[in-house]
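Have a look at the structure below, then the notes.
The values are calculated or read from the model by the stated rules, or taken from the named source; none is laboratory data. These numbers come from a predicted model, not from an experiment. Note: ideal-geometry Cβ built from the backbone for every residue, glycine included; neighbour counts use all protein chains shown. We work out accessible area using only protein heavy atoms, side chains counted, and drop any ligands, DNA or RNA first. Shrake-Rupley method; radii C 1.70, N 1.55, O 1.52, S 1.80 Å.
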Amino acid sequence: MIAYLARISVKSVVTLFAIVTVTFIATRLSGNPIDTFLGDGLTAEGRAELIRYFQLDGTLWQQYVAFLRGVVSGEFGLSFVDRRPVTQVVGERLWASGQLLLASVTLTILVAIPLGILAAIYRKSWIGSAVMTVAFAGYAVPSFILAILMVLVFSYWLNWLPVVGNGSFLHFIMPTIAMSGVLVAALTRFTRNAMLDVLGQDFIRTARAKGLSEARVVLRHGLGNAGVTVISVIGLQVAGLAAAGSVVVESIFSWPGIGQLLVNAALIRDYPVLQFGVITVAVAVVAINALTDVAYALADPRIRLARS
Amino acid sequence: MTAIADPARPRRKIGKTDPIQKLAILIGVSLFAAAILAPVIVPFDPLGQSLLSRLRPPLGFERYSAGHFAGTDELGRDVLSRSLYGLRLTLGLAFAGALIGLLIGGTLGLVAGLRRGWVEDTIMALVDMQIAIPFTLVALLILSLMGSDLTVLVLVLGIAGWEQYARIVRAEVRRLTTLPFIEAAWTAGAGPIYTAWRHVLPNLVSPLVVQFTLALSNIVILESTLSFLGLGVQPPQPSLGSMVGLGRDYMPTAPWIVLVPAALIVALTFSVQIFGDWLRDRADVRLRDR
């Protein structure tokens, strides 16, 4: 177990290091960000001062070392827009994104797990095919189209739901559904496959043979065992998909979270914010992945007790 | 996540195509044809403005302007012509991106499968990283900083899916290299490059074609999402995603500006995905539930 934890930690640290490096390279590939961002109307002295200020003098290697030092000590620089520390700019948006993420993951679990179980039990009838068709549609319809169609129908035509902001419960409905579409598709598929895998095994036949009710067989013996796989999918797939989805959904619904911040920063090239935002989201995804790995190990004695 | 085998799934008879699949393939083929023939078949110049017939609705509605079957946008440009050109660009980008992903991922996967040891470990570590990083965010970063010209966009779309090819190719190569016919080739004195080219590659064709198809639909979604956000294809060049993004402001009064390209995107991803599943079912039984 300790070796396993160590391996997960090393993997996470290496991944984070790679992400930090990728963001560094991406921001420097385009040349001097001062010129791309502030370009016109800058005096030579002003430019030189800004370059010193944002630590863009020195060789690429020196910049990289300075950047890594900043990352370690929590110094990520200032936003180009309002010159506030990017940690603050991003930090104040964490909660809004977190709320939307929690709402979407909750909705996803509540919808996808029952659907997946249904699809597994009734795999040969129309119920199973209907569920899988819906799941398939979730993959094929991009979240921005789902969001736009909902806005058109429920806000503009029916006038039921607000489009912009996160003030009330009503504000949560469309963004949560738009975020959940692809997540539900992924999780339904995995739940179904994991359930089918378990339900085909010998101990399920034994459970039925000793006269347990079908509900108990499916929920306790089936879901109890498939649950481990399902949880790992929630952690591994959902985190990444949700990070991508929040970018789109938050900017459509003007949700004051990190996704919207990132798109705006990308459009106006506020690269310190963009850089730190990407790192923040990546840290969150890697942390969720690592926690999932640990949870998986705790739930599965084969991994927990393995020595390697 | 590894694929979960599904022993209970009823085996579909190879060679049987259900009606939904037939419909999807028909739609897919028509969309491809429309994209290729766009310059010949579109009724109007996709960039041509006509300020006298702005925001006209599609055929069958009041104020319909003759010839503009799908209506016009806020500058009087023909929505159908723009959509078909957008479809052409989206498909072109998707093919180029999927091909770049195939080249990068296929090569790395082949190398990882044939050369064990640290080479394989490094490549597989890269694959794991690519899976762990939410790629949409990296795409935002790169496009924002490098500018959204088509070359950068194609490269970004290509990098987006390379790791899938790498995993498939490596797994297949590892499986193939244990088989007697490869060993026979080695024994007969074939070198690694000859073996890879002559004996391994031909066996990779069908899983790669399947993965290529599925990648196409993923890239269409990524490209239209980026263009929708304003970071992909730049105006005035029409792309399906940017038409939806820019048309949003006119949605309450002129929803067709958004609905026509949105419908094309969904039709494209649906038909390509169904086609991919269909191919997978016929191409390779082992790949079934991936």
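With respect to A:LEU149, is the statement that it is at the interface with another protein chain (Cβ under 9 Å from one of its Cβ atoms), surrounded by fewer than 23 Cβ atoms within 10 Å (Cβ to Cβ) and under 26 Å from B:PHE270 (Cβ atoms) true? Before you say what the answer is, go through the steps one by one.
Working: at the interface with another protein chain (Cβ under 9 Å from one of its Cβ atoms): yes; surrounded by fewer than 23 Cβ atoms within 10 Å (Cβ to Cβ): yes; under 26 Å from B:PHE270 (Cβ atoms): yes.
Yes: the conditions hold for A:LEU149.
Restricting the stretch A:180-192 to residues that are open to solvent by less than 10 Å² (accessible area, probe 1.4 Å) and closer than 15 Å to A:LEU102 by Cα, which is farthest from the other protein chains (Cβ to nearest Cβ)? Can you show your working first?
So in the stretch A:180-192, the residues open to solvent by less than 10 Å² (accessible area, probe 1.4 Å) come out as A:180, A:183, A:185-188, A:191.
From the residues that got through so far, the ones that are closer than 15 Å to A:LEU102 by Cα too are A:180, A:183.
On the way: A:SER180: 16, A:LEU183: 13 Å.
Per the stated criteria, the residue is A:SER180.
Out of A:ALA135, A:ALA130, A:ALA112, report the one residue that is at pLDDT 85 or above and within 30 Å of B:ALA24 (Cβ to Cβ). Even if it seems obvious, please write down each step before you answer.
On the way: A:ALA135 fails: at pLDDT 85 or above; A:ALA130 fails: at pLDDT 85 or above.
Going through A:ALA135, A:ALA130, A:ALA112 in turn, just one is at pLDDT 85 or above and within 30 Å of B:ALA24 (Cβ to Cβ): A:ALA112.
Kindly establish whether B:ALA166 is over 22 Å from the mean Cα position of the chain (by Cα), away from chain A (no Cβ under 11 Å) and assigned to a helix (DSSP H, G or I). Write out each step before concluding.
Numbers: over 22 Å from the mean Cα position of the chain (by Cα): no; away from chain A (no Cβ under 11 Å): yes; assigned to a helix (DSSP H, G or I): yes.
In short, no.
Check every one of the helices (runs of 4 or more DSSP H) wholly within the stretch A:234-308 and list those with 2 or more residues that are buried (at least 23 other Cβ atoms within 10 Å of the Cβ).
Those helices (runs of 4 or more DSSP H) span A:239-252, A:258-268, A:271-299.
Any chance the stretch B:158-168 includes a residue that's free of Cβ contacts under 8 Å to residues at least 12 places away in the same chain and open to solvent by 30 Å² or more (accessible area, probe 1.4 Å)?
Narrowing the stretch B:158-168 to residues free of Cβ contacts under 8 Å to residues at least 12 places away in the same chain: none.
No, the stretch B:158-168 has no match at all.
Tell me which residues, restricted to the stretch B:64-99, are open to solvent by 40 Å² or more (accessible area, probe 1.4 Å) and closer than 23 Å to B:SER206 by Cβ.
Matches in the stretch B:64-99: B:PHE95, B:LEU99.
Could you please tell me which pairs satisfy a Cβ distance under 7 Å, a separation of 6+ or placement on different chains, a first residue in the stretch B:126-150 that is of a type in the set (Ser, Thr, Tyr), and a second residue that is open to solvent by 40 Å² or more (accessible area, probe 1.4 Å)?
Pairs found: B:SER144/A:ARG269; B:SER148/B:GLN234.
Of everything in the stretch A:193-212 that's in a helix (DSSP H, G or I) and away from chain B (no Cβ under 14 Å), which residue is farthest from the chain's Cα centre (by Cα)?
A:ALA209
Kindly provide the set of residues from the stretch B:183-199 that are within 33 Å of the chain's Cα centre (by Cα) and either modelled with pLDDT of 85 or more or surrounded by 11 or more Cβ atoms within 10 Å (Cβ to Cβ) (or both), ordered by number.
B:PRO192, B:TYR194, B:THR195, B:ALA196, B:TRP197, B:ARG198, B:HIS199
Quick check on my filter: what residues within the stretch B:151-209 are among the small types (Gly, Ala, Ser) and closer than 27 Å to B:ALA96 by Cα? Don't jump to the end; show me each part of the working.
Within the stretch B:151-209, the first condition is being among the small types (Gly, Ala, Ser), and the residues that meet it are B:158, B:160-161, B:166, B:171, B:184-185, B:188-191, B:196, B:206.
Once the filter is applied, which keeps residues that are among the small types (Gly, Ala, Ser) and closer than 27 Å to B:ALA96 by Cα, the stretch B:151-209 yields B:GLY158, B:ALA160, B:GLY161, B:ALA166, B:ALA171, B:ALA196, B:SER206.
Looking at the stretch B:187-257, what helices (runs of 4 or more DSSP H) fall wholly within it and have at least 1 residues that are within 12 Å of another protein chain (Cβ to nearest Cβ)? Spell out the reasoning first.
Details: elements: B:192-195, B:201-228, B:240-247.
Filter on the stretch B:187-257 gives B:201-228, B:240-247.
I'd like the residue in the stretch B:101-143 that is open to solvent by less than 40 Å² (accessible area, probe 1.4 Å) and among the β-branched types (Val, Ile, Thr) and, out of all such residues, is farthest from the other protein chains (Cβ to nearest Cβ).
For the stretch B:101-143, the residue satisfying everything is B:VAL119.
Residues in the stretch B:238-260: is at least one among the acidic types (Asp, Glu) and open to solvent by 30 Å² or more (accessible area, probe 1.4 Å)? Give the derivation first.
Initial filter on the stretch B:238-260 (among the acidic types (Asp, Glu)): B:249.
Now drop any that are not open to solvent by 30 Å² or more (accessible area, probe 1.4 Å), which leaves B:249.
Within the stretch B:238-260 (the criterion being among the acidic types (Asp, Glu) and open to solvent by 30 Å² or more (accessible area, probe 1.4 Å)), the answer is yes, since at least one residue qualifies.
Give me the residue from the stretch B:144-156 that is buried (at least 22 other Cβ atoms within 10 Å of the Cβ) and facing chain A (nearest Cβ under 7 Å) and, out of that set, farthest from A:VAL247 (Cα to Cα). Steps first, answer last, please.
Of all residues in the stretch B:144-156, those buried (at least 22 other Cβ atoms within 10 Å of the Cβ) come to B:144-145, B:153, B:156.
Now drop any that are not facing chain A (nearest Cβ under 7 Å), which leaves B:144-145.
On the way: B:SER144: 14, B:LEU145: 17 Å.
This residue is B:LEU145.
Out of the stretch A:96-135, which residues are without any contact (Cβ under 8 Å) to a residue 60 or more places away in the chain and surrounded by 18 or more Cβ atoms within 10 Å (Cβ to Cβ)?
If the condition is that a residue be without any contact (Cβ under 8 Å) to a residue 60 or more places away in the chain and surrounded by 18 or more Cβ atoms within 10 Å (Cβ to Cβ), then A:LEU118, A:ALA135 are the ones that fit.
For A:THR15, which of the numbered conditions (1) modelled with pLDDT of 80 or more; (2) within 12 Å of chain B (Cβ to nearest Cβ); (3) loosely packed, with under 15 Cβ neighbours inside 10 Å fails to hold?
Unmet condition: (3).
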